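Worksheet: the structure to be examined is printed underneath.
The values are calculated or read from the model by the stated rules, or taken from the named source; none is laboratory data. Given the structure is predicted, the values throughout are model-derived calculations rather than measurements. Positions of Cβ are backbone-derived with ideal geometry, glycine not excepted, and every protein chain shown enters the neighbour counts.
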């Protein structure tokens, strides 16, 4: 991206140096999510084998990328620019609000999940949004958030399928 656009919409580098700060977050959040999925697998109604072949890559690649571009790449920096002083250390109000919005946006899953499963997902998504948002604030590297988000999405689909089959 050119000059001004990169400042308003920082993505970061997709290389070892650009992602170095993300390793501890990936390991901690990935491990916790794996345990959570094993203890309380997500609700997935019966689907055809063909549908599953499409669902897993879609969840594991497209969903995380799109949600992170929107919530952490556009909405969070805009909210922080308006609500949080520049260069402020610690938790920023825009990050908290973007995380809550990210969680609440998962209510769309009420169209195909029971209320309890959708509400569980809202709480989990809000917490994940806060972790991804805080790490993005410190690293200014959206790729780290996308990679972790995609791994969490893949686990949310794959672990319950492996437990059922």
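General remarks:
- Top-ranked residue of region 113-127 - restricted to ones that are over 19 Å from residue 148 (Cα atoms) and touching a helix residue (DSSP H, G or I) at 6+ places or on another chain (Cβ under 9 Å), ranked as surrounded by the fewest Cβ atoms within 10 Å (Cβ to Cβ): 119
- Close pairs (7 angstrom Cβ cut-off, 6 or more residues apart or separate chains): under 8 Å from residue 99 (Cα atoms) in region 115-134, at pLDDT 90 or above and surrounded by fewer than 18 Cβ atoms within 10 Å (Cβ to Cβ) anywhere: 126/100
- At least 3 residues being under 16 Å from residue 25 (Cα atoms) is the threshold, and among the helices (runs of 4 or more DSSP H) wholly inside region 52-165 those reaching it are 115-139, 142-164.
- Restricted to region 54-80, and to residues there that are out of contact with any helix residue (DSSP H, G or I) (no Cβ under 7 Å at 6 or more places or on another chain) and without any contact (Cβ under 8 Å) to a residue 24 or more places away in the chain, the residue that is nearest to residue 129 (Cα to Cα) is 70.
- Hits in region 84-99 (condition: without any contact (Cβ under 8 Å) to a residue 40 or more places away in the chain and either touching a strand residue (DSSP E or B) at 6+ places or on another chain (Cβ under 6 Å) or loosely packed, with under 15 Cβ neighbours inside 10 Å (or both)): 85, 86, 87, 88, 89, 90, 93
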